[in-house]
Each structure stands twice: as C-alpha cells, then as structure tokens.
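What follows draws every value from the coordinates through simple rules; no lab data is involved. Small disclaimer: the values here were computed from a predicted structure and weren't measured. No Cβ is skipped: glycine too gets one built from the backbone with ideal geometry, and neighbour counts run over all protein chains shown.
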Amino acid sequence: MPAVTLSLPIAIGLVILLLAIGAGAVFGVLRGTGRVVEPTPTPSPTVTVTITVTPTLTLTPTLVPTATPLPPLEYTVKANDSCISIAYFYNVSVNSIITLNNLDTNCTTLKVGQKLLIPQPTATPSPMPSSTLSQAQATDSACQKYDYTVKDGDTLSSIAANFSVSVTSIKTYNSLVSDNVYTGQKLKIPLCERLPTAGPTPTPTLPPPHPAPDLLQPADGFVFRGSSDVISLQWAANEPLREKESYAVTIEDVTSGSGNRQVIYTTANNATVPAILRPVDNQPHNLRWSVVVVRSTGTTADGEPIWEPAGAVSIFRYFIWWPGGAP
C-alpha cells in the first residue's frame, strides 16, 4: 500500500476536528436522554442613578409701602350754596375749601355753576410688620389709648381739647395728614400724652352738635317796600353758645343773575342785613337766609378766625326787598 505522509500542522488540525465531531456527538446523545440542561442566563443587575437637586435660594424682596394720594372731589356750586353748607356736607373745614380753591377769606365770591375742589385726606401707609419692635413701636405699645368714634359736629381740635391731648398727638397716632375728620371715623386717643393740668384730669365730655336754630323774623315771604333801609333778622337758639362759638348768618340775593351773598358772624340772636345787599335797580329782589352754629378752630395768617360747622343748618327762609315799591 502506498504510504500517506502528513505534515504536522495538518495532523494537529485533523485531530482537533475529530475531537470536535466526537464531542458534538456525545452532547447530542446526552441531550436526547435529558441529562444535559442548558444553563439559565442570570440577568445582570441594572444600576439606577439617583440625582439629588439642590434648591437655589430665592431672596424675597422687601416690600416698601406706598401711599396712594386721593384726588380732590369736584363739586359744582348750586343756587343758594355757601362755603359753610358745602363744608358741612362734606365734613371738611371751610378754610380747606378756601385754600384749595384760592377763594377770598370770607368766601363771598361763589357763583352758580362754579367748579370747586373738595379736599380728601390721604392716608399714610402703615409700616411693614417686623419681628423686633423698634423704640417707637415699643413706646406706642406701652401707651394707653382710648377708641373714639367721631360724632356730628366734632372737630379735631374739640376732640383734643376734651381729652386734654394735643392735636399733633392725635394726628401722629392715627397717621392723619390733615385736621379733617368725618362722622363715624375711628380715632385712637393717646391718653399717655395728656397735657398737664392744674387739677385732676376730668372725664372727657364731648359737646354734642347744636340743634338747628329756629328762625323768627321776618316771616317767610315778607315784602320790605319803599324806604326800608334797615332789615333785622331774628332767630331763637335751642341751647346757649359755648366757648369759641358763634352764629353764621348766610344771606344771599337769589334773584336771577345777582349772585350777591354775605355771611355775618355774631354771638347775638339777631343781625342786620348789610346795605350792600340793597337792590340798586329799584326792582323786587328775592333774598334767602339761614343760620348755623360755627366754632373757631384757629386763625388764618391774616388773623381771621377759621370757622367750622358745630351744628345743624336751619331751614331756609325768604323775604322780598323792593326799595322801589310803594309802602
């Protein structure tokens, strides 16, 4: 037989091939008998990454309170209006209307249809709360205060006088920017700032508003004819005047187009119609008059008293002045 000669690498390759075939045959036989079980793969653990977010500090801005100014009200003058009646209706001082509208001291130049500005108080904003009391806040907290409700006819000066405290103290403790107060307004009276008195401090008794005076003469609709140069007005008071109080008598020629008005201040129960109201055209003129109690709360730069209503306005009465008429 011929001899077969194999090189060493080929011989090694044949041996490996035969071993692989044999191993495969053995694995197939064993698998068929159930003795060989394929391994179950074990899952690899999944790593979950946890991310921690560090919050960013946000600074809260400090709120600064601001005051919102209240614009003045606009009022159109009507027939028979006076500064006193307008001030009484809006619960403001006559002087505040005169100052804001640049009127004359006696407020005698009002005309029907004229536009007036009525002042409104502007509240001062309260400070923002803080955890630590300032020295001023501590002082305020230690001060005994009395809660008072403003009544008809009250003024800031009359309230201050009755409680023996200064007007400035009341304005400071209530954040008031003017001397105007209105009926129903709540005020805190700082009793710790009472002014020294010679004797014991009396219990404050606030004066009630005066009732409207009763008009007596002349009779409503009476006609003064001919040479009636002196016309006297009379009224009856329901209670006596107090200190710094007077009667304000408003007399106005309401004849169409006249616009003549005069205000007389007196402590008597009568007044004479000023000669300036005497008609110069010898035609009958219709004049209207009323009376109200007023209280002086100070003086102007010219030394004139500042009057504020201290009671109800009387009813209106009318009389005819006709110099050219036969008596």
Average projected area [Cα convex hull, the range 245-289], square nanometres: 3.3 nm²
Other-chain or far-sequence residues with amide H under 5 Å of Q185's (modelled H): V150
The range 214-322, dipole about Cα centre (Lys/Arg Cβ +1, Asp/Glu Cβ -1), debye to the nearest 20: 180 debye
Spin-label pair A275/Q234, simplified geometry with 7 Å Cα→Cβ offset, distance in nm: 2.4 nm
Pairwise FRET efficiency - S178 versus Q283, Cβ, R0 = 56 Å, nearest 0.05: 0.80
Ranked F89, F224, criterion: other C-beta atoms within 10 Å, fewest first: F89, F224
Additional length obtainable on full extension of the chain from S227 to D152, 0.36 nm per residue less Cα span: 22.7 nm
